[in-house]
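One structure below.
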Amino acid sequence: MRLPFFSKRKQEQKKEEFSPSDLAQRQVEQKTKLRSSAKDNAEALQELMGKDNADFTTRELTIPTTPSVEAQLCFCETMIDATALNKQILEPLLLSVREIALRELPGKSVAEKIGRNLLLAGKLQNFQFKDEVLSAALGGQVVLFLEGSEIAMGVELRKIPERAIVEPQSETVLRGPREGFTECLSDNKSLLRVRIKSGKLRFDSFRIGRISENEGAVIYLEGIANPKLIREIKRRIKSLDVDMVADSSVLEKLIEDHPLLVFPTTLFTERPDLVEFALTEGRVGVMLENSPACLIAPANFFDFFKTAEDNYIRWPYTSFIRSIRLLAGLVSIWAPATYIAITTFHREMLPTALALSIAGARENVPFPAFVEAFSMELILELVLEAGVRLPSPIGQSIGIVGAVVLGQAAVSAQIVSPFLVIVVAITSLSSFVVPLFVAERGVRLLRFPLMILGATMGLYGIMAGMAGIVAVQTAMTSFGQPYFAPLAPFWPRTLTDIIFNPPIWMANKRPKWLRPGNRRRQDFVVRDWAQDGENPDGEVDLSGE
Amino acid sequence: MKRLWLAGFLCGTLFFSGCWSKREINELAIVSSAAFDRTDEGWEVTVEIFLPSSSQGAGGGGITAARQAWLAKGSGPTVFTAIRNLTLKVPRRLYWAHCSAIIIGEEVARSGLNQVLDFWDRDPEARRSALLFVYQGEAAQLLTKSFGAMERTVGMQLAGLAKTSKISGYAEVSTLHQFLVALSLPGADPSTAGLVLRPLVEVPGLVATGKKDLKTGTTVTELNLDKQALFRRTKLVGWLDKREARGLLWVRGTIKDLITIQVPGNGEQKIDLEVFNSSRKLSVKQKDGIPQITVQIELGLGLASQESSKELIKQSPSLERKAQIVVEKELKAAWSKACKLEVDPFGFGHLIYTKNPKLWHKLQPSWPGGVAIHWQVRAQVESSGLSLGGPRELEER
């Protein structure tokens, strides 16, 4: 279908304006019009699909009107609902039209007459070209060719295996909605539409993947998201030339600003409520058919320390736990390196008693602290990886192996010191506190180079390494927006946003760094009742009357 | 591109530097305390090294009677060589940063501390926060002799004592840093606490033979920190006893203690007043060519204990007068002792020096003389704890 060498054409395409029906546009170029013979059309289609292709079916039928009409039904039987096919198409066409005179029906052509009056379908599409028909059939439409008509009609009867809407495993909450996206894009769209019943919510669809022709949607709120941002995201997606995109995480790697670094620059979530929050802030979402995760861009470094529940629990606790998460993020990178540096270079920094117990614990350990720590961290990664890969009944026993064999036995065999086990445990614990880092495990790798720096240059080395990491982060962008935003560039007035999560009636403005089209979120007075002159203290007298 | 190279180069230079002396913590002999003595050939340095508890043994907690330390003695013509010679005996590298106590034998102290101070000040690992003690006797004995100790090492025992002794105010330990600072000031002499081993339980008729328990009879000694050593520059010249030491500490303003006085009108019964806050102000004036130093001490007191059952708090003015007299006596005793030893641990000379350096140079040869000190003590009884009077006897009700 596609020419192997079309780089030239691709460049031409790049110049074109993005349109929702990108695929349709491409197909117009291959102008293979349908013929007037239904049988020819059906055979041509069958040929495109391969003669022996099992899941493609053509069915010949005669519509018993007066005069009767020869027709061909083509569909992918694995993609459609067979009951609906019988009820909505075969029954009206074969049973209920007997003794109806075709010329009495309103409509100009035969196709129009049948389409307008007989087919039980909410959405009816007309096709002129062969490739349109093919992709419609593959997308779950039933295509009807009528003898003598050069126009084919498509009725969407899609039914594909779907799973239920469940709470996403990685983003559970104690309080808040419990629905999550599934792999079905239209379901996901409806989950969002239910939340935002505004015409401003846009799903600009696109297709991606040379072979897979995967459908996707750029989701935003018109007038709130920055139009330049929307254009940029669409431009990036449109310019992609890949075989297939299996998941939105693959798309993320294709469109993000810094694909080579360990830091992610787009958020992702499986929760519609989080997408709703993000959209109303002025961010843009990207969803893909077959992927339950919605990408959200742009994203800030500090966004990765926020969770689904932050908006649902009271703000003091949110702020507290968020600062803990920031601390944990640092600890997960620093802890082993600092242990090495302090025990080998900066013994004087320890309180005497602690220095003694560390020295005592390390008394019979044959390895230097660096080897000890490095190998323990590697072993920890082994345990984690094994736990993730194995099916859950066996996976749980990995934890026991990790804790008992590696923790207990390694200490009593004096291969590692108990202090190190504590350090390693704290490291892994705190790396799992940071919500999105859990999924984005790459950041945890940074502790290995820092351990080497700590072992060769002490705390100085760790600081030098951190300076490098921070320098990279401050230089990073996410879809053009600064990645380290309230810190660099330094915006003192929004600095508190890193930790504090103000109550929603105080968050009157959208985040500055997102540069939304409209910064004002709501009026200054959100809770008008609290301004009420009659009732200044909010006291409600329910007695009497 | 040029800027990128420059940035890369500048970042690269970060990694040409780094921290020094990488050594695993378990390859070190962590010194807890060091004792310095004189011999005929020169110096003898005894170090007390922590024995790191093995991982199984650690964490017992509670009071450990047995010391977990290891001793080594090095000797040489100088302090530095003596310490170097320790490497012939200690299988690990000595590490001085955690050394909390320097114990000086009295003989060394009398002949001058210069070498010890110099070593400590010069060595990059040794800390100036180490505490300085003078032991009345051979310093190494304090490490070798057994005495009732609560902490794992003598060094830790001494560090603890230095903290708790502040409560009693009978002696004040100065750190090496404070000692060196006092040395560097004109018109001030350093002083630090003195240690003494005294018998705790003496079983008469039996001879102390070492590690035997009380049943077979031996002398159990205990460590006392109740003297104040006075130095003239780096040389020990004499000692202050408990009361005199307090006179010194009042002027330094570091005291938090009890003042025991007699109850007015009732000769036998004694009461204690606790010092809650004390402030002192030193001022110097010149009158007829003689510098007049005024020492104003203000004490906020609280009734700490009493024997009688009267509500003594109501007689606070008379209590205050009595307290003032007691404090004044202590001050004067300390000053007269210092004058007798011709040292100035109070730093009055430095006070004159800062106000009038020329006058100080005139006074210096005869210091501490030719000065008039005015002691002004004001005490105020502010509280009486949780009760008003003493335990009431029935008949008094």
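The values are calculated or read from the model by the stated rules, or taken from the named source; none is laboratory data. Computed from a prediction, not measured in an experiment: that's the story for all the values here. All Cβ positions, even for glycine, are placed from backbone atoms using ideal geometry, and neighbour counts span all protein chains on display.
Screening A:Lys200, A:Lys228 for residues that are over 15 Å from A:Ala297 (Cα atoms) and charged (D, E, K, R) leaves exactly one candidate, A:Lys200. Only a single item in (1) free of Cβ contacts under 8 Å to residues at least 40 places away in the same chain; (2) buried (at least 18 other Cβ atoms within 10 Å of the Cβ) is not met by A:Arg314, and it is number (2). Any residue that is within 24 Å of A:Gly282 (Cα to Cα), part of a loop (DSSP other than H, G, I, E, B) and of a type in the set (Phe, Trp, Tyr) - is there at least one of those in the range A:174-186? Yes. Checking each residue in the range B:2-28 for being in contact with a Phe, Trp or Tyr (Cβ under 6 Å, 6 or more places away or on another chain) and either more than 7 Å from chain A (Cβ to nearest Cβ) or not in a loop (DSSP other than H, G, I, E, B) (or both) picks out only B:Leu28.
I'm trying to understand the selection: among the residues of the range A:207-246, which are in contact with a Lys or Arg (Cβ under 8 Å, 6 or more places away or on another chain) and either part of a helix (DSSP H, G or I) or in the same structural domain as A:Ala137 (by TED's automatic domain parsing) (or both)? Across the range A:207-246, the qualifying residues are A:Leu229, A:Lys238. Screening the range A:142-151 for residues that are over 15 Å from A:Phe56 (Cβ atoms) and touching a helix residue (DSSP H, G or I) at 6+ places or on another chain (Cβ under 7 Å) and picking the one that is surrounded by the fewest Cβ atoms within 10 Å (Cβ to Cβ) gives A:Gly148. Report whether or not A:Val97 is in the same structural domain as A:Glu70 (by TED's automatic domain parsing), buried (at least 20 other Cβ atoms within 10 Å of the Cβ), in contact with a Phe, Trp or Tyr (Cβ under 6 Å, 6 or more places away or on another chain) and on the phi < 0 side of the Ramachandran plot. It is false that A:Val97 is in the same structural domain as A:Glu70 (by TED's automatic domain parsing), buried (at least 20 other Cβ atoms within 10 Å of the Cβ), in contact with a Phe, Trp or Tyr (Cβ under 6 Å, 6 or more places away or on another chain) and on the phi < 0 side of the Ramachandran plot. Scanning the range B:70-89 for residues that are assigned to a strand (DSSP E or B), of a type outside the set (A, V, I, L, M) and closer than 22 Å to B:Arg23 by Cα yields one hit, B:Trp70.
Only one entry in B:Lys358, B:Lys314, B:Lys337 is surrounded by 14 or more Cβ atoms within 10 Å (Cβ to Cβ) and either farther than 24 Å from B:Ile167 by Cβ or in contact with a Leu (Cβ under 9 Å, 6 or more places away or on another chain) (or both), namely B:Lys337.
The condition of being of a type in the set (Val, Ile, Thr), in a helix (DSSP H, G or I) and either modelled with pLDDT of 85 or more or not assigned by TED's automatic domain parsing to the domain that holds A:Tyr339 (or both) holds for only one of A:Val365, A:Val405, A:Val423, that being A:Val423.
All conditions but one from (1) part of a helix (DSSP H, G or I); (2) surrounded by fewer than 14 Cβ atoms within 10 Å (Cβ to Cβ) apply to A:Phe490; the one that does not is (1).
Across the range A:339-378, what is the number of residues that are touching a residue at least 40 places away in the same chain (Cβ under 8 Å), among the hydroxyl-bearing types (Ser, Thr, Tyr) and facing chain B (nearest Cβ under 9 Å)? Total meeting the criteria: 2. Test A:Gly442 against the criterion of being within 14 Å of chain B (Cβ to nearest Cβ), assigned to a helix (DSSP H, G or I) and either at negative phi or polar (S, T, N, Q) (or both), and give yes or no. No. The residues of the range A:161-171 that are farther than 22 Å from A:Ser205 by Cβ, in a loop (DSSP other than H, G, I, E, B) and in contact (Cβ under 8 Å) with a residue 24 or more places away in the chain amount to a single one, A:Pro168. Scanning the range A:254-283 for residues that are touching a residue at least 60 places away in the same chain (Cβ under 8 Å) and out of contact with any Asp or Glu (no Cβ under 9 Å at 6 or more places or on another chain) yields A:Glu256, A:Asp257, A:His258, A:Leu261, A:Val275, A:Glu276, A:Leu279, A:Thr280, A:Glu281, A:Gly282, A:Arg283. Residues in the range A:43-84 that are small (Gly, Ala, Ser) and assigned to a strand (DSSP E or B): A:Ala71 only.
Only one entry in A:Ala413, A:Ala467, A:Ala403 is exposed (fewer than 15 other Cβ atoms within 10 Å of the Cβ) and under 27 Å from A:Phe304 (Cα atoms), namely A:Ala467. In this structure, is A:Ile333 under 20 Å from A:Met451 (Cα atoms), within 12 Å of chain B (Cβ to nearest Cβ) and touching a residue at least 60 places away in the same chain (Cβ under 8 Å)? When the stated conditions are applied, A:Ile333 does not pass them. Per the listing A:Leu105, A:Leu146, the residue uniquely in contact with a strand residue (DSSP E or B) (Cβ under 9 Å, 6 or more places away or on another chain) and either modelled with pLDDT of 85 or more or outside the structural domain of A:Leu185 (by TED's automatic domain parsing) (or both) is A:Leu146.
Beta carbons closer than 9 Å, at least 6 apart along the sequence or on distinct chains, pair a first residue in the range A:403-432 that is more than 12 Å from every other protein chain (Cβ to nearest Cβ) and more than 25 Å from A:Ile333 (Cβ to Cβ) with a second that is at pLDDT 85 or above and assigned to a helix (DSSP H, G or I) for A:Gln408/A:Val421.
Does A:Ala136 fit the bill of being part of a loop (DSSP other than H, G, I, E, B) and of a type in the set (Gly, Ala, Ser)? No, not satisfied.
How do the helices (runs of 4 or more DSSP H) wholly within the range B:294-397 filter down when requiring 3 or more residues that are more than 30 Å from B:Leu180 (Cα to Cα) and in contact (Cβ under 8 Å) with a residue 24 or more places away in the chain: which remain? It comes to B:316-341.
Each residue in the range B:114-128 was checked for being closer than 19 Å to B:Phe231 by Cβ and not aliphatic (A, V, I, L, M), and 7 pass.
The rows are residues; the columns are (1) surrounded by 20 or more Cβ atoms within 10 Å (Cβ to Cβ); (2) within 14 Å of chain A (Cβ to nearest Cβ); (3) at pLDDT below 85.
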{"site": "B:Phe133", "(1), (2), (3)": "yes, no, no"}
{"site": "B:Ala139", "(1), (2), (3)": "yes, no, no"}
{"site": "B:Val154", "(1), (2), (3)": "yes, yes, no"}
{"site": "B:Thr175", "(1), (2), (3)": "no, no, no"}
{"site": "B:Leu180", "(1), (2), (3)": "no, no, no"}
{"site": "B:Thr192", "(1), (2), (3)": "yes, no, no"}
{"site": "B:Arg198", "(1), (2), (3)": "no, no, yes"}
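Among the residues examined, A:Thr474 qualifies as of a type in the set (S, T, N, Q), surrounded by 15 or more Cβ atoms within 10 Å (Cβ to Cβ), within 14 Å of chain B (Cβ to nearest Cβ) and within 30 Å of A:Ser170 (Cα to Cα). Inside the range B:90-149, residues that are in a helix (DSSP H, G or I) and either closer than 20 Å to B:Ile25 by Cα or of a type in the set (Asp, Glu) (or both) make up a count of 4. Contact annotation: residue pairs with Cβ atoms under 8 Å, 6 or more positions apart or on different chains, pairing a residue in the range A:229-253 that is free of Cβ contacts under 8 Å to residues at least 12 places away in the same chain with a partner that is assigned to a loop (DSSP other than H, G, I, E, B) and exposed (fewer than 14 other Cβ atoms within 10 Å of the Cβ), are A:Lys253/A:Pro259.
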